[in-house]
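S.K.: Could you have a look at this structure, given as structure tokens, before my questions?
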Amino acid sequence: MDLNTRYLGLDLANPFMPGASPLAEDPDMALRLEDAGAAAIVMHSLFEEEIAQHAPTADGYLALLHRLKQRVNVPVIASLNGTTAAGWLRYAALLQRGGADALELNFYHVATDLSEDAATVERRVVDIVAVLKESVAIPLAVKLSPFYSALPHLAAQLDRIGADGLVLFNRFYQPDIDPVRRTAVPELRYSDSSELLMRLRWLAILAGRVRASLAVTGGVHTALDAVKAVLAGADAVQMVSALMTGGPAALTRVRVGFARWADEHHYGSVREMCGAASLAHSANPHEYERANYVRILRGANHS
Ligand SMILES: Cc1cc2nc3c(=O)[nH]c(=O)nc-3n(C[C@H](O)[C@H](O)[C@H](O)COP(=O)(O)O)c2cc1C
């Protein structure tokens with residue numbers, strides 16, 4: 001089984017990598033992940049707020065990038081997280097100069113403004129990527145949330161202005177409410193495989209219809225999860241929760257199990273598998289659209 005894949009214009013030995021998280025804050029862990037078979041390393045994000053409030057944070061991030069580049073041989077993808085262009089531009093250039101092989105831009109925007117329409121929210125994303133695309137030469141991946149009303153249109157716009165990859169999806173941390181104090185309670189919960197389903201649908205809708213490569217992030221825990229993501233159209237498979245709980249061995253387990261499944265099902269390469277279950281390849285595109293929804297709701301039983 002040929003596990004090679006191409007992601008963000010980078011030739012990778014396989015699709016598997018740790019997603020943005022504290023995992024790569026420790027270069028020793030990054031090396032262990034590389035030894036476990038990770039084909040690239042995604043750094044945790046440098047947050048716009050941290051850049052604004054505390055310049056040494058950004059210096060520390062650049063120093064970490066430098067250490068990671070010395071420690072691992074696989075590409076290192078830096079990550080910027082924010083909502084405006086201003087803070088990012090300078091650091092995107094610095095990260096490029098610091099040796100980042102690519103940049104992942106995380107638009108963690110929670111729409112709370114009643115006067116801002118969907119087109120304005122989307123235009124901001126496109127404008128920022130356009131500015132960055134003009135200013136840095138390394139590949140840019142855009143990590144999106146699922147909460148856009150016309151995701152394929154946004155994806156097509158990002159594709160048109162040269163985004164090299166789309167990462168689906170950002171996982172919003174959903175604060176609970178403390179009913180006595182009447183305050184939001186931040187909660188960090190690791191994912192499970194059920195979170196993959198929404199990603200599969202949107203990967204399958206976009207695969208083969210945008211030039212940008214696609215990565216899945218969210219809900220990959222087993223080899224079969226990874227098989228489904230690649231069949232839906234993922235060129236790269238990012239894992240965080242599974243690695244935070246299971247360590248680097250979880251990446252090896254998924255990579256080996258993925259290759260075994262592919263062999264057993266007579267796939268010769270990741271390229272052959274990628275998008276084989278996408279909408280573009282589907283004999284029945286309605287599976288991803290309304291027909292399936294109607295059929296399932298009509299078929300529901302109750303006791
Ligand atoms: C502890 C933790 C820290 C994270 N830090 C970042 C981050 O700095 N930047 C980012 O874009 N995503 C971050 N994420 C989100 C992950 O990259 C990933 O998209 C999400 O956890 C879904 O993938 P999973 O189901 O494999 O965990 C973080 C997730 C966790 C659990």
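The values are calculated or read from the model by the stated rules, or taken from the named source; none is laboratory data. From a predicted model like this one, the values you see are computed outputs, not experimental measurements. Cβ atoms come from the backbone with ideal geometry, glycine included; neighbour counts cover every protein chain shown.
S.K.: Could you grab the pairs with beta carbons closer than 6 Å, sequence gap of 6+ or different chains, first residue in the stretch 159-183 and more than 30 Å from R209 (Cα to Cα), second one part of a loop (DSSP other than H, G, I, E, B) and of a type in the set (D, E)?
M.R.: D176/E187
S.K.: A further question follows. From the list A249, A184, pick out the single residue that is part of a strand (DSSP E or B), surrounded by fewer than 19 Cβ atoms within 10 Å (Cβ to Cβ) and of a type in the set (A, V, I, L, M). Step through it out loud before you land on a result.
M.R.: Details: A249 fails: part of a strand (DSSP E or B).
Checking each option against the conditions leaves just A184.
S.K.: Has the stretch 254-268 got at least one residue that is within 16 Å of the ligand (Cβ to nearest atom), in contact with a Leu (Cβ under 7 Å, 6 or more places away or on another chain), under 20 Å from Y7 (Cα atoms) and not in a loop (DSSP other than H, G, I, E, B)?
M.R.: No, because not a single residue in the stretch 254-268 is within 16 Å of the ligand (Cβ to nearest atom), in contact with a Leu (Cβ under 7 Å, 6 or more places away or on another chain), under 20 Å from Y7 (Cα atoms) and not in a loop (DSSP other than H, G, I, E, B).
S.K.: Are there helices (runs of 4 or more DSSP H) fully within the stretch 72-160 with at least 2 residues that are closer than 25 Å to L206 by Cα and in contact with a His (Cβ under 9 Å, 6 or more places away or on another chain)? List them.
M.R.: The qualifying helices (runs of 4 or more DSSP H) are 118-135.
S.K.: Scan the stretch 184-210 for residues that are away from the ligand (no atom under 14 Å from the Cβ) and without any contact (Cβ under 8 Å) to a residue 40 or more places away in the chain and report the count.
M.R.: 2
S.K.: Specify which of the listed residues (M239, M244) is out of contact with any strand residue (DSSP E or B) (no Cβ under 7 Å at 6 or more places or on another chain), under 20 Å from A36 (Cα atoms), of a type in the set (A, V, I, L, M, F, W, C) and within 14 Å of the ligand (Cβ to nearest atom).
M.R.: It is M244.
S.K.: H286 fails exactly one of the following numbered conditions: (1) part of a helix (DSSP H, G or I); (2) over 15 Å from the mean Cα position of the chain (by Cα); (3) touching a residue at least 12 places away in the same chain (Cβ under 8 Å). What is the number of that condition?
M.R.: (3)
S.K.: Being in contact with a helix residue (DSSP H, G or I) (Cβ under 9 Å, 6 or more places away or on another chain), at pLDDT 95 or above and surrounded by 15 or more Cβ atoms within 10 Å (Cβ to Cβ) is true for just one of V167, V227. Which residue is that?
M.R.: V227
S.K.: So, one more: I'd like the full set of residues that are within 16 Å of the ligand (Cβ to nearest atom), in a loop (DSSP other than H, G, I, E, B) and either touching a Leu at 6+ places or on another chain (Cβ under 8 Å) or small (G, A, S) (or both), limited to the stretch 161-181.
M.R.: Within the stretch 161-181, A163, F169, N170, Y173 meet the criteria.
S.K.: Also: Which one of these is crowded, with 16+ Cβ neighbours inside 10 Å, of a type in the set (S, T, N, Q), closer than 30 Å to H286 by Cβ and in contact with a helix residue (DSSP H, G or I) (Cβ under 9 Å, 6 or more places away or on another chain): S149, S145, S191?
M.R.: Criteria check complete, one pass: S191.
S.K.: Any residue at all in the stretch 36-48 that is out of contact with any Asp or Glu (no Cβ under 7 Å at 6 or more places or on another chain), acidic (D, E) and closer than 26 Å to F258 by Cβ?
M.R.: No - not one qualifying residue is present in the stretch 36-48.
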